Structures are given as C-alpha cells and as structure tokens.
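The values are calculated or read from the model by the stated rules, or taken from the named source; none is laboratory data. Fair warning: this is a prediction, and the values are worked out from it, not measured in the lab. Reconstructed Cβ throughout: ideal geometry from the backbone, glycine too, with neighbour counts over all protein chains shown. When the accessible area is computed, the model is the full protein with side chains, heavy atoms only, and any ligands, DNA or RNA have been set aside. Shrake-Rupley method; radii C 1.70, N 1.55, O 1.52, S 1.80 Å.
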Amino acid sequence: MPCRTVPCCVDFPANLTALFLGDNPINGTLPGASWELPESLNRLYLGNTQLWGSIPPDIVWTSNLTELDMSNNRQLTGSLP
C-alpha cells in the first residue's frame, strides 16, 4: 500500500532545490520541527492535497524559499512566518 501521509522525519538531500508533493492523495498534518527543509530548497509545492490542521509554528522554513504553494487544502489553517 502506498504511503499517503507526510513523513515526519526525512533526510532531504542537502542540495535539494524543489520538492513537489502537490496533486497527490497525501493527507495528515504537516510535521513540526522534525521536518527540517534543506537551506538549498527554494520551491515547495503542497497544493491540491488533503493536508489538514494548523501549520506548525516550529516548522523550520528555509530562508531561500521563494515559491510556496499550499493552495486547495481546505482544512489547512494558520499563518506563515
């Protein structure tokens, strides 16, 4: 059976520049501080999924992030830093 939740602990490659998880049937909440995104990441797509809950205030966002798509997640709430 395929994984349909957002994994809480992932070792992302240090040179990862884009992560596309959108348009997939993943569901659940976003992990908090355990989900450290690499500093090289500049595009993160989480749109059109089934994410829900609050955006964790302790999630570690990269300072190079220039594109973030969380659209069409009806039950995702909270604010971004």
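Values for this structure:
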| quantity | calculated |
| --- | --- |
| Selection count, segment 32-78, where residues are assigned to a loop (DSSP other than H, G, I, E, B) and of a type outside the set (Val, Ile, Thr) | 27 |
| Residue within segment 40-47 that is at pLDDT below 80 and either open to solvent by 70 Å² or more (accessible area, probe 1.4 Å) or of a type in the set (Val, Ile, Thr) (or both) present | no |
| Residues of segment 51-81 satisfying the condition of being surrounded by 14 or more Cβ atoms within 10 Å (Cβ to Cβ) and within 15 Å of residue 24 (Cα to Cα) | 51, 52, 69, 70, 72, 73 |
